[in-house]
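A.B. asks: Encoded as structure tokens, here's the structure I'll be asking about.
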Amino acid sequence: MAVAKEKLYRLHLMVCAGTGCVSNHAFEIKEALEKEIKRQGLENEVKVVTTGCNGFCERGPLMVVQPGNIFYQTLTVKDVPYLVEEHLLKGRPVKKLMYQPPEEKTPVPVLSEINFFKKQVLVALRNRGLIDPEKIEDYIARDGYKALAKALTQMTSEEIIKEITTSGLRGRGGAGFPTGLKWQLVRNSPSPNGDKYLVCNGDEGDPGAFMDRSILEADPHSVIEGMLIGAKAIGATQGFIYVRNEYPLAVKRILIALDQARQFGLLGHDILGTGFDFDIRVVRGAGAFVCGEETALLASIEGRLGEPRPRPPYPAEKGLWGKPTCINNVETWANVPVIIDRGGKWFASIGTATSKGTKVFSLVGKINNTGLVEVPMGITLREIIYDIGGGIPGGKKFKAVQTGGPSGGCIPAEKIDLPIDYESLTEAGSMMGSGGMVVMDEDTCMVDVARYFLSFTQDESCGKCTPCREGTKAMLDILTRITEGKGTEEDLTLLEELAHTVKEASLCGLGKTAPNPVLTTLRYFRHEYITHIKDKKCPAHVCRQLNVYSIDPQLCLEKGHGCDVCRRNCASEAIIGAKGEAHKIDQTKCIKCGVCYDVCNFGAVRVD
Amino acid sequence: MVNVTIDGKKIQVEEGTTILKAAAKLDIKIPTLCYHPLIEPYAACRVCLVEVSLRGRKDLITSCNNKVQEGMEIQTASPRVLQSRRLNVEMLLARAPAAEPVQRLARELGIDKPRFPVKDPQEKCILCGLCVRACEQVVGASAISFIDRGTERKVMPPFGEPSAACIGCTACAHFCPTGAITYEDKYGRKVIHSELYLGPATAIRVPIRQAVPMVPFIDEKACIHFKTGQCQLCAKVCERQAINHEMQDETVEVEVGSIILASGFKPFDARRIPAYGYGRLPNVITALEFEHLVNASGPTGGKILLTNGEEPKAVGLVHCVGSRDENYNEYCSRVCCMYSLKFAHLIKEKTEADIYDFYIDMRCFGKGYEEFYHRLLEEGTKFIRGRVSEITDLALTKEEEGKLIIRVEDTLLGVVRRIPVDMVVLATGLEPSIDHNQLAKTFNISCSQDTFFLERHPKLAPVSTFSDGIFLAGCCQAPRDIPDTVAQAGGAAAEALSLADKGSFALEPVTAEIKEDLCAGCKICIGLCPFNAITFDNEKEISVVNDALCKGCGTCVAACPSGAAQQKHFRDQQIMAEIEGLLLI
Amino acid sequence: MPKLTLEELEKIREEARKSIFIREQGQFKAKIIVHMGTCGIAAGARNIMNAFLREVEKRGITDVLLTTSGCAGLCSREPMATVELAGQAPVKYVDLTEKKAQEIFEKHVLGGQIVTAYALGIGSEKTDL
């Protein structure tokens, strides 16, 4: 199988085409670049390559010019002609399009110098920004499928499992089960007709999480190679990638990648002439968060109702169609090839004693540098939030960080030096989860946060077992009442009782972890709950029903001269005052929408 | 064997036993809601949670599905267990306040009123999933499942529409622990409520309401087991183990000495008389239909009702429908007059209707029959002598509107009358049964002109046929009522028994015989023999006379072209000798 | 579909690496900087660039970095290129033609011998490659 000799270009423009940047016109920028490059006669010298997610989503659309690692951000189509002429033609990188840290005077041109990228260690995301995900040759060029060759020709199944076990890799989907052990269990489980299955869980459902999406969009072959190696290790001949249907770009890229892998004989029969058979089928989800739970996922693949079943028996023993099945998360699979290539010992040298390797986090919320980061286990929250994340925007005070999505918990500011690993997060009352990290500042109401996450889990509860189905609804009702100022002390007691039972008595992980946000916020921010209940006030002013809006007459008159903007915007006609006069809010009519507070340019509206 | 401790008591059970069953062995009852012994455990209600200590870990796990492990220490009512059980039941009580098992559990646990809002105080469904699982695992129809998530979850057929897969077996209702699914019998079909749908009648059923014997049969076409290979609930549930789905039809050959034919009758098809409007006009019914209507286990519970559910104000009884009629059957069907009088009496008892009886002759021949007729006269039944010519709904006057008009010539008054009634009962006559002709061929029985089987002698041998050993009983021989049928049956039985009892019996010596070497095998004699006494020997290719059946009529002798058939003691030589003797005198 | 053998996979890897190695911040043996300021471009620096590019492509080399920079200041002597071998001082070449570029590539970049005839001067600064 010969590969057409690629033309050599002197410049590669790596344009980020992850979903985030795509929704921000990345493809249009790519087209504009190509057009402009042609116009300038540079089409034989400059190549435009679309890659997967670059990670610095806050600053998208992004582009990196190689060689030189010059990083451009917040690009628009209008910027393209100038950029092409200045940098590509004349060799003068464009400063105004480079990243400039908030308090600095000069931009940082080189990607590896930018704080956001500096402390990251890319293992699962090793090909980030460097390959076109729709070209298998790019993947192969960067040592792709080298580990597979090694695994198929130089290693036995037991040796592969041993290598993974040595690496200390733990499931990256949230539970953190030792991967090597899981593979060993599946390998040891008997199957009457020999069928064993491999599944990749790509049903990333946590709101705000997009680690798996990025990996599937940017580097689908890393997952495919991982699954191939896993299949050899456990003795499977058929694999499934279960992707949520809300990731169309990921689905598209996986299908292209699978096709190319098949064309290259890396999937199918007699792979690399070793007699090893394996193929992968893509199954799409249909909008249920619960199908991220492994037994519900398996039911969904089988075409049955997507609800979990009690375990034991575990899927390793009885999974798809009753056969031993190994289910791992996307990120877990992506780590496998590099472990086989560079050795389990190397992987284990990164991280902490119990949590080896790196973890991909989606850093979102009240943070300057929103995006996707991969960091070694053991790095502290402080480093992530301040060094990588660039701190809290607007100089606000850091309050807490929620890890693990709706199954996780809040870690308060006092624990900012907590090292990230499975055990320490669980001890603090939270969990690693799949890698969501939501940063909160002083303007976040923790009761509202609990209510928000619970509303998600309640909506996604499959409804099979009593405690989750009824309990989450009851808890949500109580929390909603509290945020509306209608909570009582008894409510708090009942809330805790419910949280306890839902956690203990639920059938699956969804129910068992749904009360976590409530429990951790109660643990660390109980005073906020009390304030909501006793004083009927929201300290962060997020729970609008508890806000009291008023106009400072002095400010209104002196600064705003009675500009009347608030009154004109008030939908419930609750503001009294004529132009030129100090305005006043009629509390009986005020519906606490907060619009007046937002529109007043003079800060004359006060909220208490 | 596995050793465990439950609530402090030690027990040894077989490996693979669930905690629930192991506890039951110690008479410890762990409450369950979504569990049923015939269905795979679901572990959804969470009421059966118990606290288990094993190898240093203490967990709450469900007891319906988890199997015991060596060394487990199980507590079925520890404070931790009770706390979660109480809250679960409390939440269920809020969801389904009318569900009895939940109410019971709530009482036991000391729960008064749930602290959660109640959406529907009549709700019974606790979402245990037993109906869904029964339909899938036991029955194999998979007609219902759960739809919608979380608190909106409910049991439905696909897309909320009636499902073609539902076979009306009512297994769902049977397994539902709270009675949330109900069904009702409607005109022999089951209507299952809770938005499920009609199906055919149950596959295992008693054929008719007064069947003798009262034993159900399995209708293969409707039976789930024959469709999906599953179910067999009837066999599982039958205490006497009396049900066997593997039974096959057997063809049994029995050698008998005598046969009694009792194939009965079929009613005359009233559609053959279009003028009477049967099948076209509503409320024109046959006698058999009226019997069905008036029976206490019938569709109306014995009430005499029109199709619109109202009681009739006037009823007409029409005699001789299809009997005593040149155009249909010339014979009298014997029973119709009496049963029409019976109907008249019943109608008088049950309704306030005016009763009109249209007769030609009143045949009350039996014991007490005439007296009964007299009683009817006294009851006020209006008897009109005349053959009904037409039943119509075309009204000529205002009083006739909405009624059925019986047009008849009242021969006693000498006028043609139009009598408006609400209901007409046609006294349909009797005809031989459907398979009558086939039976006649099989047994070689002749039929008389009225198409019923021919008896050997109308007066002296009414239960015998021309074939020895084949007897007749009941309406296959002629229309007759129940007392006469019973009497005749007794007679036929006696004749058959006496044949069997005899051991040996005398035959007429003058039977025919066929000379083997002369017989050409033309089989002419076989077809002619009225007594079915000649059979064909396929091997020798000759006809053979059965001495026991041969009556010596001589038909075969006369017909035999080769002279092979001869009558014993009546041979040609003997006849010639006799003639010679006579002539010599 | 003819199945891929191990050897073929390796070959593909090698081939593919050639086109993408410039994306990586790898270890380079040598660095060639073609000055492409407006003056440079006007003097024909593009052709020089392409000449070097063709050399790299022709020989399938993956450890030489070819990059551009802005005007070096000596506009009268354009086209110019700076060649920097790892650990050595950079050498500026001036008044380049395509032929000169090919010679420099062969003799200096690959052979390690500075072509003094075309050089302007040897700088004192060293850079990390």
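The values are calculated or read from the model by the stated rules, or taken from the named source; none is laboratory data. The model shown is predicted, which means the values in this text are computed figures rather than measured ones. Neighbour counts are summed over all protein chains in view; Cβ atoms, including those assigned to glycine, are modelled from backbone coordinates with ideal geometry. Surface accessibility is based on the protein's heavy atoms, side chains included, excluding ligands, DNA and RNA. Shrake-Rupley method; radii C 1.70, N 1.55, O 1.52, S 1.80 Å.
A.B. asks: Select the strands (runs of 3 or more DSSP E) contained entirely in the stretch B:511-585, then report the ones holding at least 1 residues which are touching a residue at least 24 places away in the same chain (Cβ under 8 Å) and farther than 21 Å from B:Gly469 by Cβ.
C.D. replies: B:512-514, B:542-545, B:565-567
A.B. asks: With the requirement that a residue be aliphatic (A, V, I, L, M) and at the interface with chain B (Cβ under 9 Å from one of its Cβ atoms), what does the stretch A:503-522 give you? So that I can check it myself, show each step before the final result.
C.D. replies: Taking the stretch A:503-522 and keeping what is aliphatic (A, V, I, L, M), we get A:505, A:507, A:510, A:514, A:518-519, A:522.
If the condition is that a residue be aliphatic (A, V, I, L, M) and at the interface with chain B (Cβ under 9 Å from one of its Cβ atoms), then A:Ala505, A:Leu507 are the ones that fit.
A.B. asks: Another one. Being touching a Leu at 6+ places or on another chain (Cβ under 6 Å), within 10 Å of chain A (Cβ to nearest Cβ) and among the hydrophobic types (A, V, I, L, M, F, W, C), is that true of even one residue in the stretch C:23-31?
C.D. replies: If we filter the stretch C:23-31 for residues that are touching a Leu at 6+ places or on another chain (Cβ under 6 Å), which is where we start, we get C:23, C:28, C:30-31.
If we keep only those that are within 10 Å of chain A (Cβ to nearest Cβ) too, we end up with C:23, C:28, C:31.
Those left that are additionally among the hydrophobic types (A, V, I, L, M, F, W, C): C:28.
Among the residues of the stretch C:23-31, at least one is touching a Leu at 6+ places or on another chain (Cβ under 6 Å), within 10 Å of chain A (Cβ to nearest Cβ) and among the hydrophobic types (A, V, I, L, M, F, W, C), which makes the answer yes.
A.B. asks: Only one residue in A:Val22, A:Val65 is open to solvent by less than 10 Å² (accessible area, probe 1.4 Å), modelled with pLDDT under 95 and on the phi < 0 side of the Ramachandran plot, so which one is that?
C.D. replies: Values: A:Val22 fails: open to solvent by less than 10 Å² (accessible area, probe 1.4 Å).
Criteria check complete, one pass: A:Val65.
A.B. asks: Could you give me the residue pairs with C-beta distances under 6 Å whose first residue belongs to the stretch A:505-525 and is within 22 Å of A:Tyr314 (Cβ to Cβ), whose second residue is buried (at least 23 other Cβ atoms within 10 Å of the Cβ) and basic (Lys, Arg) wherever it lies, and which are 6+ apart or on separate chains?
C.D. replies: Correct list of pairs: A:Ala505/B:Arg46.
A.B. asks: Among the helices (runs of 4 or more DSSP H) confined wholly to the stretch A:211-295, which include 1 or more residues that are within 14 Å of another protein chain (Cβ to nearest Cβ) and among the polar types (S, T, N, Q)?
C.D. replies: Numbers: elements: A:211-218, A:220-234, A:248-263.
Fully inside the stretch A:211-295 and qualifying: A:248-263.
A.B. asks: Among residues belonging to the stretch A:31-56 that are open to solvent by less than 50 Å² (accessible area, probe 1.4 Å) and in a helix (DSSP H, G or I), point out the one that is nearest to the other protein chains (Cβ to nearest Cβ).
C.D. replies: Pass one, the stretch A:31-56, residues open to solvent by less than 50 Å² (accessible area, probe 1.4 Å): A:32-33, A:36-37, A:40-42, A:45-56.
Still in the running and in a helix (DSSP H, G or I): A:32-33, A:36-37.
Values: A:Ala32: 22, A:Leu33: 16, A:Glu36: 16, A:Ile37: 13 Å.
Checked the stretch A:31-56; the qualifying residue nearest to the other protein chains (Cβ to nearest Cβ) is A:Ile37.
A.B. asks: Take B:Leu60 and tell me if it is on the phi < 0 side of the Ramachandran plot, more than 10 Å from chain A (Cβ to nearest Cβ) and without any contact (Cβ under 8 Å) to a residue 60 or more places away in the chain. Working first, answer last.
C.D. replies: On the way: on the phi < 0 side of the Ramachandran plot: yes; more than 10 Å from chain A (Cβ to nearest Cβ): no; without any contact (Cβ under 8 Å) to a residue 60 or more places away in the chain: yes.
For B:Leu60, the condition - on the phi < 0 side of the Ramachandran plot, more than 10 Å from chain A (Cβ to nearest Cβ) and without any contact (Cβ under 8 Å) to a residue 60 or more places away in the chain - is not met.
A.B. asks: Please find, among B:Val89, B:Val68, B:Val81, the residue that is on the phi < 0 side of the Ramachandran plot, out of contact with any helix residue (DSSP H, G or I) (no Cβ under 8 Å at 6 or more places or on another chain) and β-branched (Val, Ile, Thr). Before the answer, list the steps.
C.D. replies: Values: B:Val89 fails: out of contact with any helix residue (DSSP H, G or I) (no Cβ under 8 Å at 6 or more places or on another chain); B:Val68 fails: out of contact with any helix residue (DSSP H, G or I) (no Cβ under 8 Å at 6 or more places or on another chain).
After applying the criteria, what remains is B:Val81.
A.B. asks: Further question: Looking at the stretch B:63-91 only, could you name the residues that are aliphatic (A, V, I, L, M), touching a residue at least 12 places away in the same chain (Cβ under 8 Å) and within 9 Å of another protein chain (Cβ to nearest Cβ)?
C.D. replies: Taking the stretch B:63-91 as the starting set, the residues that turn out to be aliphatic (A, V, I, L, M) are B:68, B:72, B:74, B:77, B:81-82, B:87, B:89, B:91.
Subsequent filtering for residues that are touching a residue at least 12 places away in the same chain (Cβ under 8 Å) retains B:68, B:72, B:74, B:77, B:81-82, B:89, B:91.
Matches in the stretch B:63-91: B:Val89, B:Met91.
A.B. asks: Here's something else I'd like to know. Of the residues that sit in the stretch B:121-142 and are in contact with a Gly (Cβ under 9 Å, 6 or more places away or on another chain) and either open to solvent by 60 Å² or more (accessible area, probe 1.4 Å) or among the small types (Gly, Ala, Ser) (or both), which one is farthest from B:Ala96 (Cα to Cα)? Give the derivation first.
C.D. replies: Initially, the stretch B:121-142 is screened for residues in contact with a Gly (Cβ under 9 Å, 6 or more places away or on another chain), giving B:124, B:127, B:140.
This time we only want the ones that are either open to solvent by 60 Å² or more (accessible area, probe 1.4 Å) or among the small types (Gly, Ala, Ser) (or both), so: B:124, B:140.
Details: B:Lys124: 5, B:Gly140: 28 Å.
Filtering first and then ranking leaves B:Gly140.
A.B. asks: Which is buried (at least 24 other Cβ atoms within 10 Å of the Cβ) and farther than 22 Å from A:Tyr314 by Cα, of A:Pro220, A:Pro207?
C.D. replies: Working: A:Pro207 fails: buried (at least 24 other Cβ atoms within 10 Å of the Cβ).
Selected residue: A:Pro220, the only one of A:Pro220, A:Pro207 that is buried (at least 24 other Cβ atoms within 10 Å of the Cβ) and farther than 22 Å from A:Tyr314 by Cα.
A.B. asks: Then there's this: Inside the stretch B:1-120, counting only strands (runs of 3 or more DSSP E) that do not spill past its ends, which hold 1 or more residues that are open to solvent by less than 20 Å² (accessible area, probe 1.4 Å) and more than 30 Å from A:Ala474 (Cβ to Cβ)? Steps first, please.
C.D. replies: On the way: elements: B:2-6, B:9-13, B:49-54, B:57-62, B:73-75.
Answer list for the stretch B:1-120: B:2-6, B:9-13.
A.B. asks: When the residues of the stretch B:146-161 are narrowed to those that are at pLDDT 90 or above and open to solvent by 40 Å² or more (accessible area, probe 1.4 Å), which ends up farthest from A:Met475 (Cα to Cα)?
C.D. replies: Only one residue fits best here, namely B:Ile147.
A.B. asks: Which number in (1) in contact with a helix residue (DSSP H, G or I) (Cβ under 9 Å, 6 or more places away or on another chain); (2) more than 14 Å from chain C (Cβ to nearest Cβ); (3) open to solvent by less than 60 Å² (accessible area, probe 1.4 Å) marks the one condition that A:Gly194 misses?
C.D. replies: Failed condition: (1).
A.B. asks: Would you please name the residue that is farthest from the other protein chains (Cβ to nearest Cβ), looking only at residues in the stretch A:453-483 that are in contact (Cβ under 8 Å) with a residue 24 or more places away in the chain and over 29 Å from B:Ala43 (Cβ atoms)?
C.D. replies: Selected residue: A:Thr483.
A.B. asks: With the stretch A:506-590 as the region, which helices (runs of 4 or more DSSP H) entirely inside it contain at least 1 residues that are open to solvent by 20 Å² or more (accessible area, probe 1.4 Å), out of contact with any Cys (no Cβ under 6 Å at 6 or more places or on another chain) and over 27 Å from A:Cys445 (Cα atoms)?
C.D. replies: On the way: elements: A:509-513, A:516-530, A:553-558, A:565-569.
Here the list reads A:553-558, A:565-569.
A.B. asks: For the stretch A:125-159, how many residues meet the condition of being within 19 Å of A:Leu216 (Cα to Cα), within 12 Å of another protein chain (Cβ to nearest Cβ) and open to solvent by 20 Å² or more (accessible area, probe 1.4 Å)?
C.D. replies: Result for the stretch A:125-159: 8.
Condition check ((1) surrounded by 15 or more Cβ atoms within 10 Å (Cβ to Cβ); (2) in a loop (DSSP other than H, G, I, E, B)) across all residues:
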| site | (1), (2) |
| --- | --- |
| C:Cys39 | yes, no |
| C:Ala42 | no, no |
| C:Ile48 | yes, no |
| C:Ala51 | yes, no |
| C:Thr62 | yes, yes |
| C:Leu66 | yes, no |
| C:Gly87 | no, yes |
| C:Lys92 | yes, no |
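A.B. asks: Since B:Ser504 meets every condition but one in (1) open to solvent by less than 80 Å² (accessible area, probe 1.4 Å); (2) modelled with pLDDT under 90, which condition does it not meet?
C.D. replies: (1)
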